[in-house]
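Let me begin by presenting the structure, written as structure tokens, before commenting on it.
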Amino acid sequence: MFYPFEPYKIKVLESVKILNKSERVKMLQEADYNLFKIPSEKVTIDLLTDSGTSALSQGQWSQMMLGDESYASAKSWERFETAVKNFTGKKEVIPVHQGRAAEKIIAEALLEKNDIAFSNSFFDTTRANFEHRGAMCIDVPTEKSADLSKPKLFKGDIDGKKLRKLLSRYGKRAKFVLMTLTNNTGGGQPASLKNVELAASITGKRGLKFIVDACRIAENAYFIWLTEQKRQGSIKSIIRKLFASADIAYMSTKKDGLANSGGFIVTNDKSLAAKLKELAVLYEGFVTYGGMAGREMETIARGLEEVVEPTYLEHRIGQVAYLHSELSKIAIPLINPPGGHAVYVDAGKLFSHIPQNEFPGQALAAALYQEGGIRSVEIGFLMLGQKAKPDLVRLAIPRRTYTQSHFDFVVEVFKKIIANKKEYRGFKIIWQPSSLRHFTCKLKPL
Ligand code: F0G
């Protein structure tokens, strides 16, 4: 596969640190083999997350200088609100400082103890915020997603038939249906427009709210444009259709906002918006900044315009597909097909000599750092405990940040690892907190 042509040139440089192997071994020991604890300046290629790690364009940097930091009704708020309305087609905009703040506000406005929410798959902060209200979260992913390796289209769909049954079974306890676009938990896989509209109609017929988590909606729309729409119409119009299906949508602009922070909630429902705004003032800040600086709102306003450009999205999705294709060529087991923002490695399969309770995903993540200074994240037994099905390692690609040689280097590091894979061992936990252990736990190699 050809590497897609970068539709930009480099103007500002950020040096990357290249350590030697013995320095990296020492860093791993000092960090108790927990990659979250490695200082970022000791990381050569950081694929921990695509969230808030995007490079800003010259348009965004120059716009930042126009940041109006007035507390209320700043010019930057006006620009932000206009851009969000233009991007989403919705009338009411509630600003928040990041995605999970929107989740907390929506949870408090809509959920009571014992209520139930349904999704193609809840992202972990979404689930945590909803469960924190005493509600139950049920994932209803399409059956297509069960086989990780089969390259089926739209593995981010929700299972419509099952959703109908569950809504009937739970009756009044069912509160809303949420589609995560793209489905991060399920491999960054997109949902089809047809499926989103079906889910919205099933939900609407029961008088329930349909919510969209839109943090990667431009990437999702690109997949729809490419396949379902056969390159007809504009990507922006598909994004608008996806938003049109939702009663409420929210977005962490740290992803497809091409920004380092921020977020928003949108709806056309005025009375619901009034309720959400009350909570937003309580938790986030006044309704014309929501915890964001004026200059941050400027970068987001501009980012929402840049993210819909077909040349940008073609390169973005192509870059992820390139890394996926090069790793496939050397037989690294992956979630297929490539998703929108990351490549997911089936570490349980790759390191089949390491049993699940010895954390094969963490063993691969540590090996990637040791051999090449690459930081990734384990999504498996360490992060999810007993709930983990496959032990995955996510290689998330920051937007507009790395180039082909960086990805070729990642592939070379994988080659090195598979040449001696039996040498890599599992881990045991020597200390862990009571929850979310992957962030702070201490590990020891076996
Ligand atoms: N929804 C999805 C699908 C996400 O991927 C994230 C964050 C959030 C909501 C929460 O947004 O971070 O702005 O509070 N995902 C990041 C990741 C952390 O690495 O995948 P946030």
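The values are calculated or read from the model by the stated rules, or taken from the named source; none is laboratory data. Everything numeric in this text was worked out from a predicted model, so none of it was measured. Neighbour counts run over all protein chains shown; Cβ positions are idealised from the backbone, glycine included. Just the protein is used for accessible areas: all its heavy atoms, side chains included, with ligands, DNA and RNA removed. Shrake-Rupley method; radii C 1.70, N 1.55, O 1.52, S 1.80 Å.
Structure values in brief
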read-out	value
Residue list for the range 182-191, filter: in contact with a helix residue (DSSP H, G or I) (Cβ under 6 Å, 6 or more places away or on another chain) and within 11 Å of the ligand (Cβ to nearest atom)	Thr182, Gly186
Restricting the range 39-53 to residues that are within 7 Å of the ligand (Cβ to nearest atom) and within 20 Å of Gly361 (Cα to Cα), the residue that is most open to solvent (accessible area, probe 1.4 Å)	Thr49
Some residue of the range 305-323 being open to solvent by 30 Å² or more (accessible area, probe 1.4 Å) and either more than 26 Å from Lys241 (Cβ to Cβ) or among the hydrophobic types (A, V, I, L, M, F, W, C) (or both)	no
Those residues of the range 253-273 which are within 16 Å of the ligand (Cβ to nearest atom) and open to solvent by less than 10 Å² (accessible area, probe 1.4 Å), in sequence order	Thr253, Asp256, Gly257, Leu258, Ala259, Gly262, Gly263, Phe264, Ile265, Val266
Residue satisfying condition, being at pLDDT 95 or above, more than 16 Å from the ligand (Cβ to nearest atom) and of a type in the set (A, V, I, L, M), within set Val393, Val343, Val413, Val377	Val413
Leu163, sole failed condition from (1) within 14 Å of the ligand (Cβ to nearest atom); (2) open to solvent by less than 10 Å² (accessible area, probe 1.4 Å); (3) within 23 Å of Leu272 (Cβ to Cβ)	(1)
Subset tally (residues that are closer than 25 Å to Pro390 by Cβ and either of a type in the set (Val, Ile, Thr) or in the same structural domain as Met383 (by TED's automatic domain parsing) (or both)) for the range 167-203	3
Residue pairs meeting the criteria (Cβ under 6 Å; at least 6 apart or on separate chains; first touching a residue at least 40 places away in the same chain (Cβ under 8 Å), in the range 204-230; second among the acidic types (Asp, Glu) and within 13 Å of the ligand (Cβ to nearest atom))	Arg216/Asp256; Ala218/Asp256
Scope the range 192-250; condition within 16 Å of the ligand (Cβ to nearest atom), among the charged types (D, E, K, R) and out of contact with any strand residue (DSSP E or B) (no Cβ under 9 Å at 6 or more places or on another chain); matching residues	Glu219
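Residue-wise test of (1) assigned by TED's automatic domain parsing to the domain that holds Phe264; (2) under 19 Å from Asp256 (Cβ atoms); (3) at pLDDT below 95; (4) buried (at least 19 other Cβ atoms within 10 Å of the Cβ).
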{"position": "Ser73", "(1), (2), (3), (4)": "yes, no, no, no"}
{"position": "Lys90", "(1), (2), (3), (4)": "yes, yes, no, yes"}
{"position": "Ala101", "(1), (2), (3), (4)": "yes, yes, no, yes"}
{"position": "Glu112", "(1), (2), (3), (4)": "yes, no, no, no"}
{"position": "Ala117", "(1), (2), (3), (4)": "yes, no, no, yes"}
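Residue-wise test of (1) in a helix (DSSP H, G or I); (2) aliphatic (A, V, I, L, M).
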{"site": "Asp256", "(1), (2)": "no, no"}
{"site": "Ile265", "(1), (2)": "no, yes"}
{"site": "Ser271", "(1), (2)": "yes, no"}
{"site": "Gly285", "(1), (2)": "no, no"}
